[in-house]
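Asker: My questions will all concern the structure given below.
The values are calculated or read from the model by the stated rules, or taken from the named source; none is laboratory data. Please read all numbers here as calculations on a predicted model, not as lab measurements. Cβ placement follows ideal geometry from the backbone for every residue including glycine, while neighbour counts extend to all protein chains displayed. For accessibility, only protein heavy atoms count, side chains too; no ligands or nucleic acids. Shrake-Rupley method; radii C 1.70, N 1.55, O 1.52, S 1.80 Å.
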Amino acid sequence: VPEHVWRINLDTPEEAQQNLSFGAADRWWEQTDLTRLILASNKLQSLSEDVQLLPALTMLDVHDNQLTSLPSALGQLENLQKLDVSHNKLRSLPEELLQLPRLRSLLVQHNELSQLPEGLGQLLSLEELDVSNNQLTAIPTSFALLENLVRLNLACNQLKELPADLSAMKSLRQLDCTKNYLETVPPKLATMASLEQLYLRKNKLRSLPEFPSCKLLKELHAGENQIEMLNAENLKQLSSLCVLELRDNKIKAVPEEITVLQKLERLDLANNDISRLPYTLGNLPQLKFLALEGNPLRTIRRDLLQKGTQELLKYLRSKIQDDGPGPNEEPPVTAMTLPSQSKVNIHAITTLKLLDYSDKQAAEIPGAVFDAVGANPVATVNFSKNQLREIPSRLVELKDSVCDVSLGFNKISSISSELCLLQKLTHLDLRNNVLTALPEEMEALKRLHTINLAFNRFKVFPSVLYRLPALETILLSNNQVGSIDPVQLKGMDKLGTLDLQNNDLLQVPPELGNCENLRSLLLEGNPFRTPRAAVLAKGTAAVLEYLRSRIPS
């Protein structure tokens with residue numbers, strides 16, 4: 001790297017020495033420091049320690065070179081947010097790298113790393129980490145500390161197991177473990193509530209892992225393993241799944257329960273040992289792609305397979321009708337009755353503990369819906385996307401078991417006391433209603449840790465929220481809230497996320513900076529002057545630090 005690149009912040013450029021007419025306003029080199037340096041696709045074998053002369057760097061890209069090591073001076077670039085050292089010949093990463101407090105993206109794929117620094121978990125701001133295509137045999141346990149990590153790529157290494165501690169990554173949406181030597185996935189991983197995409201292709205899995213808490217999982221890729229059976233229990237938990245890819249395994253049968261995957265769009269079962277299919281597969285409402293080639297299917301002619309997904313689904317549906325009730329008979333309501341055939345999905349109540357009557361545009365919830373519950377314990381209630389003007393009074397019948405209630409996208413204008421009797425409630429979603437206040441009786445909801453009140457008509461911050469000690473997440477965006485009480489907020493020890501975007505806050509009290517438990521404070525779209533947008537853009541930690549600096553001493 002030419003010497004003057006490292007000294008670009010220090011030395012006066014040549015054109016300024018030749019042209020002496022530069023006025024003070026034109027002397028750009030005195031006003032701005034270098035923030036982005038791209039040295040990719042060269043033949044660099046080393047980087048100079050002089051990189052420390054560029055302390056304002058937010059992005060450094062040296063991918064596709066011939067680097068065998070990195071300078072320890074990288075640790076002094078405390079503004080660095082993105083570091084790309086992929087496609088080099090690195091055998092190790094310097095410990096100094098762990099001193100970068102703002103690093104959000106670290107790309108080290110396609111190197112020769114056999115291990116990662118034990119303290120990698122210190123990079124608390126990290127949102128993206130790619131260590132694929134190395135020679136890693138283990139993952140540091142400190143990974144568990146990376147609570148802001150959204151994307152983690154571990155593909156093409158030599159991992160035989162994943163640490164159960166990965167489950168602590170509460171923000172992780174995408175996990176890629178393709179092409180390793182995994183035989184199992186730790187059950188604890190199933191608690192990763194934010195996970196949306198999971199890639200487990202080309203491993204040595206014998207069964208599909210269970211995912212009880214992965215309610216958001218949209219894509220599961222587990223092709224080229226040694227999976228022999230699909231357990232109905234495992235499928236029931238994947239209610240959001242859009243893509244299920246299981247090609248090149250040893251699966252012998254597809255369970256009838258596959259029909260609980262109502263959002264499934266792509267199902268790839270090519271090259272397995274499947275001899276028959278459940279006809280109910282034809283009833284999956286969103287299915288657009290179904291791959292079955294390379295299976296010893298006895299009931300479906302090969303020419304039908306070649307006609308494409310829609311013809312195949314039409315054939316399967318016609319077979320259901322052949323087996324089904326006569327033209328005037330009501331189909332019996334069984335555990336496998338599909339939601340489209342019955343007002344209440346009994347199967348969801350008994351197996352998923354879910355009472356779902358959403359997206360019906362109903363002005364009230366029919367009594368039959370509550371009657372269907374019987375003695376079954378219900379944990380989750382979804383009455384969103386209706387025309388409800390009040391909380392259904394029979395909700396109180398579920399008070400011994402219900403912990404998650406969704407009443408979003410209705411026309412509810414006030415909260416009745418019935419809701420305050422649901423003392424096991426942990427999640428309450430009331431977004432997109434016409435609420436202006438919350439009753440003081442809600443103080444009884446001692447276990448509530450997430451409340452979504454976005455898109456309502458609150459003009460003041462509901463004071464009862466200050467008295468709910470378990471609250472971890474308050475979503476109050478798109479209301480008309482004019483002020484908040486920082487002293488009472490500081491008393492909320494568990495509060496990690498506070499979203500007040502698009503409200504009417506004319507000022508942000510400096511004492512809010514003392515709420516050091518806040519990991520995510522969102523204030524954009526309010527009419528206050530300070531902190532300015534540039535400070536907000538730096539993230540929560542920087543905003544809190546700025547506010548603390550403004551507290552009158």
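Asker: What aspartates and glutamates does Lys307 reach when the alpha-carbon gap must be under 17 Å and sequence neighbours fewer than 8 apart in one chain are set aside?
Answerer: Counting by Cα, and skipping residues close in sequence, Lys307 has these aspartates and glutamates nearby: Asp268, Glu293.
Asker: Which is farthest toward the positive dipole end of the chain among Leu407, Leu10, Gln115, measuring Cα position about the Cα centre, with Cβ charges +1 (Lys, Arg) and -1 (Asp, Glu)?
Answerer: Leu407
Asker: Count of lysine pairs in the range 346-549 with Cα atoms under 21 Å apart, counting only pairs 8 or more residues apart in sequence or on different chains?
Answerer: Number of lysine pairs found: 13.
Asker: Between the helical axis of 309-323 and the dominant principal axis of the chain, each derived from Cα atoms, what acute angle in degrees is found, rounded to the nearest 10?
Answerer: Between the helix axis and the principal axis of the chain, the angle is about 30 degrees.
Asker: So which GluC sites (Glu not before Pro) in the range 497-535 are both in a DSSP loop and have at most 13 other Cβ atoms within 10 Å of their Cβ? Mind dumping the intermediate values first?
Answerer: Numbers: sites: Glu511, Glu516, Glu524; in loops: Glu516, Glu524.
Loop-located and lightly packed - Glu516, Glu524.
Asker: On to the next question. Rounding to the nearest 20 debye, state how big the charge dipole of the chain is about its Cα centre with +1 on each Lys and Arg Cβ and -1 on each Asp and Glu Cβ. Working shown, then result.
Answerer: Numbers: 59 positive and 67 negative charges, 251 e Å.
Roughly 1200 debye, rounded to the nearest 20.
Asker: Roughly how many debye, to the nearest 20, is the charge dipole of the range 346-549 about its Cα centre, given +1 on each Lys and Arg Cβ, -1 on each Asp and Glu Cβ, and no other charges?
Answerer: On the way: 21 positive and 22 negative charges, 76 e Å.
In debye, rounded to 20, the range 346-549 gives about 360.
Asker: A further question on this structure: Please give the charge dipole size of the range 170-262, origin at the Cα centre, charges +1 on K and R Cβ atoms and -1 on D and E Cβ atoms. Round to the nearest 20 debye.
Answerer: Working: 14 positive and 12 negative charges, 53 e Å.
Dipole size: approximately 260 debye.
Asker: Specify which residue in the list Leu34, Ala534, Asn272 is farthest towards the positive end of the charge dipole of the chain, using unit charges on the beta carbon of Lys, Arg (+1) and Asp, Glu (-1), about the Cα centre.
Answerer: Farthest towards the positive pole: Asn272.
Asker: For Lys218, which lysines qualify as cross-link partners when the Cα separation must be under 20 Å and same-chain residues fewer than eight apart are set aside?
Answerer: Answer for Lys218, where 20 Å is the Cα cut-off: Lys170, Lys188, Lys202, Lys236, Lys263, Lys288, listed by chain and number.
Asker: Which of rounded, prolate or oblate describes the range 346-549 when judged by the alpha-carbon gyration tensor and an a/c cut-off of 1.5?
Answerer: Working: a/c = 2.45, a/b = 2.03, b/c = 1.21.
Cα axes put the range 346-549 in the prolate bin.
Asker: Loop-only trypsin sites (Lys or Arg not before Pro) in the range 75-114, please: DSSP not H, G, I, E or B, and at most 14 other Cβ atoms within 10 Å. Mind showing how you got there, number by number?
Answerer: Numbers: sites: Lys82, Lys89, Arg91, Arg102, Arg104; in loops: Lys89, Arg91, Arg102, Arg104.
Within the range 75-114, the qualifying trypsin sites (Lys or Arg not before Pro) (loop, at most 14 other Cβ atoms within 10 Å) are Lys89, Arg91.
Asker: Working from Cα positions, state the angle (0 to 90°, nearest 10) between the long axis of helix 540-549 and the longest principal axis of the chain.
Answerer: 50 degrees
Asker: Now, a different point. Just check the range 161-291 against the gyration tensor rule for me: Cα atoms, a ≥ b ≥ c as the square roots of the eigenvalues, rounded for a/c under 1.5, and otherwise prolate or oblate depending on whether a/b exceeds b/c. Don't skip to the answer; put the middle values down first.
Answerer: Details: a/c = 1.93, a/b = 1.33, b/c = 1.45.
Verdict is oblate for the range 161-291.
Asker: Probe 1.4 Å, all protein chains in place: accessible area of Lys319 in Å², nearest 10?
Answerer: We get 60 Å² for Lys319.
Asker: Lys and Arg at +1, Asp and Glu at -1: add these up for the other residues within a Cβ distance under 13 Å of Leu57 and post the number. Display every interim value, and only then the final one.
Answerer: Numbers: positive: Arg36, Lys82, Arg102; negative: Asp33, Asp50, Asp61, Glu78, Asp84.
Neighbourhood net charge equals -2.
Asker: Given the whole protein assembly as supplied and a 1.4 Å probe, what does the accessible area of His63 come to in Å², nearest 10?
Answerer: Probe radius 1.4 Å; accessible area of His63 about 50 Å².
Asker: Can you give me the accessible area per residue for the chain, using a 1.4 Å probe, in Å²?
Answerer: Numbers: 27040 Å² over 553 residues.
Accessible surface, normalised per residue, equals 49 Å².
Asker: Could I ask something else about it? Would you mind telling me the share, in percent, of accessible area of the chain contributed by carbon and sulfur at probe 1.4 angstrom?
Answerer: 47 percent
Asker: Okay, moving on. Once a ≥ b ≥ c are taken as the square roots of the eigenvalues of the Cα gyration tensor of the range 508-553, is the result rounded (a/c under 1.5), prolate (a/b larger than b/c) or oblate (a/b not larger than b/c)?
Answerer: Numbers: a/c = 1.69, a/b = 1.18, b/c = 1.43.
Because a/c hits 1.5 or more and a/b fails to exceed b/c, the range 508-553 counts as oblate.
Asker: Starting from the amide H of Gly294, placed 1.01 Å from N in the peptide plane, find each other amide H under 5 Å away whose residue is 5 or more places distant or on another chain.
Answerer: Asn271
Asker: Select from the range 479-529 those trypsin sites (Lys or Arg not before Pro) which occupy a DSSP coil region and have at most 16 other Cβ atoms within 10 Å, ordered by residue number. Mind showing how you got there, number by number?
Answerer: On the way: sites: Lys490, Lys494, Arg519, Arg529; in loops: Lys494, Arg519, Arg529.
Qualifying residues, ordered by number: Lys494, Arg529.
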